[in-house]
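See below for the structure under consideration.
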2 protein chains.
Amino acid sequence: MASKEITLAFGSGGRLTNELIRDLFVRHFSNKRLNELEDSAVLRLGRERIAFTTDSYVVTPLKFPGGDIGRIAVCGTVNDLAVKGARPLAVSCGFIIEEGLERGTLEEAVVSMKKAAAEAGVEIVTGDTKVVEKGKADKLFINTSGVGLVIPGTAISQKNIRPGDVIIINGEIAAHGVAVLNARNNLGLSGNIKSDAAPLSRMLNGLAVKFPSIRSMRDVTRGGLATVLNEAAQSSGWSMEIEEELIPVSEPVRNACSVLGLDPLYVANEGKAVIFAPEKYASKILSAMKKDKYGKKAAIIGRVLAEKKASLKVRTPIGSERYAVMLEGEQLPRIC
Amino acid sequence: MASKEITLAFGSGGRLTNELIRDLFVRHFSNKRLNELEDSAVLRLGRERIAFTTDSYVVTPLKFPGGDIGRIAVCGTVNDLAVKGARPLAVSCGFIIEEGLERGTLEEAVVSMKKAAAEAGVEIVTGDTKVVEKGKADKLFINTSGVGLVIPGTAISQKNIRPGDVIIINGEIAAHGVAVLNARNNLGLSGNIKSDAAPLSRMLNGLAVKFPSIRSMRDVTRGGLATVLNEAAQSSGWSMEIEEELIPVSEPVRNACSVLGLDPLYVANEGKAVIFAPEKYASKILSAMKKDKYGKKAAIIGRVLAEKKASLKVRTPIGSERYAVMLEGEQLPRIC
């Protein structure tokens, strides 16, 4: 059943990535924490509960409007911790450098990591540097891992999602993927499209403290909103429905997606989270989010259905409905 | 002062790596934990002290006698935690895969990680997979990060090293580097030379519990014994002296180094640690180490001098003395 060679699609966050994770990693490494397939593993460490996560960044180009590899390397890891109800405390950095990289390019990434870490309130406490021969890597890859302290009283897990829960997102989707593609291919798209790369920890930590009723939060990166909601549907077992009209997408990004033939639902973000919560708390959560710099355009975009089919439905403005399945691969490779 | 391009030597664990770490990472990320430049950062997390570390593995070839990239990826990280007096609890894995890699090759690495993790008593709890285009990586790179719980009562730090302390190593050095080089270049060296890749956590955790008087422990990997002792000398300020005759090197490895023009003191290991302890505990520590599978050939190899010059002296069998300085780069690139 399995293809014999790893293709780009296996690394894109879609169905093939999920298949690889389940077939290779979950099967061999199998343990309670890993098998939950959340953005971070939560584990007991002595008297504390910590969240622990890792991500490698291979984005090309290294810089793009609104961010660079350093910024997303810190934001992505910080956000993975925060969506599990953890306060990010420390981040590690592992650099794999292609021989011949300009030292200034490396320094720019380092300075960008420093700024993002300061914004997120974490320290970069440990690191590693490897250099490989010219042609054996692509300029610079960065791995970051992170540890955080889980806020007491929280129980944030996709398994807790229930029918009737509302789905909230903190702002406009798909900007990151379009910004990277624009920079990579010199498309010259108009409208000043910038990556949304941002550390969401302050906002999400605030929500976790204030609303222990929040069921689940997920970082919406590779594969976009549709992929993350499909994963949440699969993990919880419940179907979900979102309304196309309610999903925030900026006009320039919508136009760019239309020109490029991309579905914004599947385009990567680096500063977006979805929140699942009982409906009765929805408006309070929404107002709390709107007070944060990165939540001003937060919106309720859908709900969890009382249907055990683990599917994602999209209601269109004209009232019709379609299924948004998990794609085989990403529409765009090396976006993060 | 700084070269404008990153060369292979910057990633080899020698003087240039140290210079890069200090000039870029310590300068920009500066914080108490990072600046200690130990194998793991130790940080307070709620009511606990944890150790946190990261390493990327870019070894070529992926398999070699005595180990493979998967085994060293787990052992290296576990050992980095254990030398700081921490019980390794959880490891993350970040895979960067070159498009076209055989799935079977990836699976072999995964299975090897699983076995090493089982031996070390840790779980691999979280991971990430990225795939880059053919020619943009070299088959497979693996990052592992790890967290561990610091054993209460321990205060293991290079800063604690004192004149008169003895230096103990757990066995024969330089096998890893020679085994990888042999496999890489089909040198056909005789003597069944195998990498020493091993998780030392059970042995080192036992020592940390039993001997709170241990001052410091260091993982002896890239750059070999001479580099790690130079780093310890720099961090503590004290000069150190080792006796060439006392340093365990297997006969085949010694012969191979001689043929290849390598100094075993600078060749990488993946299952070696040096321990600094007051002399009066030395024989007890040594007996405890010899009871462990990975400590049978443990030996006292030198001592810390009452001389604030931060240098490393090597006494030869004929009674002469030479300085073993930190090399610019590794003798061998991509050894781990």
Exercise: per-residue mean of other protein chain Cβ atoms within 10 Å, A:85-94: 5
Reachable lysines from A:Lys313, criterion Cα separation under 29 angstrom, eight or more residues apart if same chain: A:Lys84, A:Lys159, A:Lys194, A:Lys272, A:Lys280, A:Lys284, A:Lys290, A:Lys296, A:Lys297, B:Lys130
Surface accessible to a 1.4 Å probe, A:Leu89 within the full protein complex, Å²: 60 Å²
Shielding of A:16-28 by partner chains, average beta-carbon count, 10 Å: 4
Relative contact order (percent, whole number), chain B, Cα cutoff 8 Å, 6+ residue spacing: 25 percent
Contour excess over end-to-end distance, with Cα ends at A:Lys293 and A:Arg315 and 0.36 nm allotted per residue: 5.0 nm
Expected-Rg normalisation [2.2 N^0.38 Å, Cα atoms] applied to the range B:117-198: 1.63
Distances in nm from B:Val259 to the matching label points in the other copies, shortest first (labels 7 Å along Cα to Cβ): 6.3
Cβ-defined net charge surrounding A:Pro152, 13 Å radius [Lys, Arg +1; Asp, Glu -1]: +4
Förster radius 60 Å - calculated FRET efficiency between B:Arg322 and A:Glu48, Cβ distance, rounded to 0.05: 0.75
Radius, Kirkwood style, for the protein assembly as shown when every pair of distinct Cα atoms is counted (Å): 25.5 Å
Nearest-10 value in Å² for the accessible area of A:Ile151, using the 1.4 Å probe: 10 Å²
Per-copy distances of the A:Pro152 label point, shortest first, in nm (7 angstrom along Cα→Cβ): 1.8
Kirkwood estimate for the range A:23-114, i.e. one over the average of 1/r between Cα atoms, Å: 15.1 Å
Distance cut-off 20 Å, percentage of C-alpha pairs in the range A:227-283 lying past it: 37 percent
Cα centroid of the range A:127-201 to Cα centroid of the range A:278-336, whole Å: 17 Å
FRET efficiency estimate (nearest 0.05) - Cβ-Cβ, B:Glu5 to A:Gln234, R0 51 angstrom: 0.65
Cβ-derived FRET efficiency at R0 60 Å, B:Ser213 paired with A:Glu19, nearest 0.05: 0.70
The range A:158-323 shape via C-alpha gyration tensor axes, a/c threshold 1.5: oblate
For residues of A:273-280, the mean tally of beta carbons on other chains within 10 Å: 0
Square roots of five times the Cα gyration tensor eigenvalues for chain A, Å: 29, 24, 21
Cα principal axis extents for the range B:1-160, largest first, Å: 47, 45, 29
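The values are calculated or read from the model by the stated rules, or taken from the named source; none is laboratory data. Note that the coordinates shown come from a computational prediction; the quantities given were computed from them, not determined experimentally. Counting neighbours? That spans all protein chains shown, and the Cβs are built from the backbone with ideal geometry, glycine included. These area figures cover heavy atoms from the full protein model, side chains too; ligands, DNA and RNA do not enter into them. Shrake-Rupley method; radii C 1.70, N 1.55, O 1.52, S 1.80 Å.
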